[in-house]
Amino acid sequence: MNISLPITTTYTGLLSFRKICSSGSTWRCYVSAKKDGIAFDSRKYSKLLAAIRSHGNFIEYVPLQLMLAGLLEIQGFNSKYLQFILAIFTIGRISHAIGLSKHNHLGPGRPSDEVFRKEHLLLFWHLDSSETCLYCSPQS
C-alpha cells in the first residue's frame, strides 16, 4: 500500500528547516553563555532561556500538528483547507521564534503568533466539531 502525503510532506520539510535553525540558535546561545561564565539554568541569560523556550514550544506543537494533518490528508480532506491550516500554523511557529528572539521577548512576531495560534485552534475546533472529525466514521 503506497500512501502519498504531498501537503503534509511539504510542510514537514519547511518546519524541519525551522527546527534546524532553532537548534542552531539554541546552541549558539548556549555556547555564548558558557563563554560568559553563566550557568545553564541561570535566569541571567534571557537570550538562552528564550531560545530554549522557542525550541521546546516547537517540539510540543509541531509533531502532533503534522500527525493530525497526515491523518486528514489520508482521509481525503479538502487539500486547500488543509494547506490553509498548515500555512497558518507554519507562520505562527516562525512568528513565535521571531518574537521570542527580540530583547523583550515581545518583538513584532510575538503578538502575531498569539493571533495565529488562536486562529489555528479555532480551525481545528471547527474540524473536531464538524462531520469531518478525525474520530467520526465517514458517512456514505
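The values are calculated or read from the model by the stated rules, or taken from the named source; none is laboratory data. For clarity, every value in this text was computed on a predicted model and none was experimentally measured. Don't worry about glycine lacking a Cβ; one is built from the backbone with ideal geometry, like all the others, and counts go over all protein chains shown.
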Quiz item: Has the stretch 15-26 got at least one residue that is within 19 Å of the chain's Cα centre (by Cα), over 19 Å from GLY99 (Cβ atoms) and either assigned to a helix (DSSP H, G or I) or not aliphatic (A, V, I, L, M) (or both)?
Solution: yes
Quiz prompt | Sole exception among (1) at pLDDT below 85; (2) more than 18 Å from PHE17 (Cα to Cα) for LEU72, by number | solution = (1)
Exercise. With the condition kept exactly as written, say whether any residue in the stretch 53-60 is in a helix (DSSP H, G or I), among the hydroxyl-bearing types (Ser, Thr, Tyr) and buried (at least 19 other Cβ atoms within 10 Å of the Cβ).
Key: yes
Quiz item: Can SER46 be described as closer than 22 Å to SER101 by Cβ, of a type in the set (Ser, Thr, Tyr) and modelled with pLDDT under 80?
Solution: yes
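Could you tell me which of the residues LEU66, LEU86, LEU100, LEU71 is more than 14 Å from the chain's Cα centre (by Cα) and assigned to a helix (DSSP H, G or I)?
The conditions single out LEU71.
Taking the options LEU15, LEU48, name whichever one is surrounded by 12 or more Cβ atoms within 10 Å (Cβ to Cβ) and in contact (Cβ under 8 Å) with a residue 60 or more places away in the chain.
LEU15
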Practice problem: Residues being at pLDDT below 80 and either out of contact with any Asp or Glu (no Cβ under 7 Å at 6 or more places or on another chain) or farther than 21 Å from SER16 by Cβ (or both): count how many of those fall in the stretch 78-97. | Solution: 1
